[in-house]
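The values are calculated or read from the model by the stated rules, or taken from the named source; none is laboratory data. Remember, predicted model here, so these are calculated numbers, not experimental data. Note that each Cβ is placed from the backbone with ideal geometry, even for glycine, and that neighbours are counted across all protein chains shown.
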Ligand code: ADP
Ligand code: MG
């Protein structure tokens, strides 16, 4: 589903991705961990073509990421993204937030968009909030709406960038539960998170990034139980 080959990305003189190689198979759940500033968000943004890479190649479902605007939009339809901040439209209800993109981008009818949105709200456990505005929801509920909104485009891949980092601790579980359901349904997922419980339980593979490079990767067991990479050991000692 995703092939990343020798990818480099700089911001001015600062090289943020220093030759990344990374593949994700269909249905795989890959968790990316690593210290702040190591390039995790930049990597996800490159996958979604929110950043243009300086070198290397990225293939999404065997198609090379291009710089042609029309193709970029087409590819993005295959990829849903959920950020730390929920970015819901404040002046739209929960239902309208979810209906917007399928109607605008995929040109599906209002009726169909509404049915789809209701189905997705049910999936994230928020059917009763359909007419509510985002400001009246908790952070956890807003993030679940954000997930439903991303799913409304029926993506083949979901990218999550620290989806629970902005939440009060007691709200983290409800968002992780939705993500676990998705993973169990076979969604291909790349998740940047500090939730090591989620990584242990759900990840097929854990990738450790440090200073723009992938320094270690393997099953959760390999990465957490017996880290032989010194930087990884140091990182795990800090967060566990
Ligand atoms: P992480 O998500 O692992 O914390 P990021 O990918 O956000 O790391 O950032 C990696 C480095 O790139 C940081 O030093 C950050 O300051 C820098 N960076 C990220 N985005 C930009 C940008 N748009 N312009 C300049 N520097 C950036
Ligand atoms: Mg980040």
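Quick look at the numbers
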quantity	calculated
Only one of 122, 70, 110, 129 that is in contact with a helix residue (DSSP H, G or I) (Cβ under 8 Å, 6 or more places away or on another chain), free of Cβ contacts under 8 Å to residues at least 12 places away in the same chain and either over 25 Å from residue 197 (Cα atoms) or more than 16 Å from ligand 2 (Cβ to nearest atom) (or both)	110
Criterion violated by residue 201 - all others in (1) assigned to a helix (DSSP H, G or I); (2) touching a residue at least 40 places away in the same chain (Cβ under 8 Å) satisfied	(2)
Any strands (runs of 3 or more DSSP E) falling wholly within segment 1-110 and containing at least 2 residues that are within 23 Å of residue 143 (Cβ to Cβ)	29-33, 79-82
In segment 57-80, the residues that are crowded, with 17+ Cβ neighbours inside 10 Å and within 23 Å of residue 18 (Cα to Cα)	58, 60, 65
Any chance residue 92 is loosely packed, with under 15 Cβ neighbours inside 10 Å, within 30 Å of residue 129 (Cβ to Cβ), modelled with pLDDT of 90 or more and more than 16 Å from ligand 2 (Cβ to nearest atom)	yes
Residue in segment 223-239 that is within 16 Å of ligand 2 (Cβ to nearest atom), in a helix (DSSP H, G or I), more than 27 Å from residue 8 (Cβ to Cβ) and in contact with a helix residue (DSSP H, G or I) (Cβ under 9 Å, 6 or more places away or on another chain) present	yes
Matching residues in segment 28-41 - criterion: being more than 10 Å from ligand 1 (Cβ to nearest atom) and touching a helix residue (DSSP H, G or I) at 6+ places or on another chain (Cβ under 9 Å)	29, 31
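Residue-by-condition table, conditions (1) more than 16 Å from the chain's Cα centre (by Cα); (2) within 24 Å of residue 148 (Cα to Cα); (3) surrounded by fewer than 14 Cβ atoms within 10 Å (Cβ to Cβ):
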residue: 174; (1), (2), (3): yes, yes, no
residue: 186; (1), (2), (3): no, yes, yes
residue: 229; (1), (2), (3): yes, no, no
residue: 234; (1), (2), (3): yes, no, yes
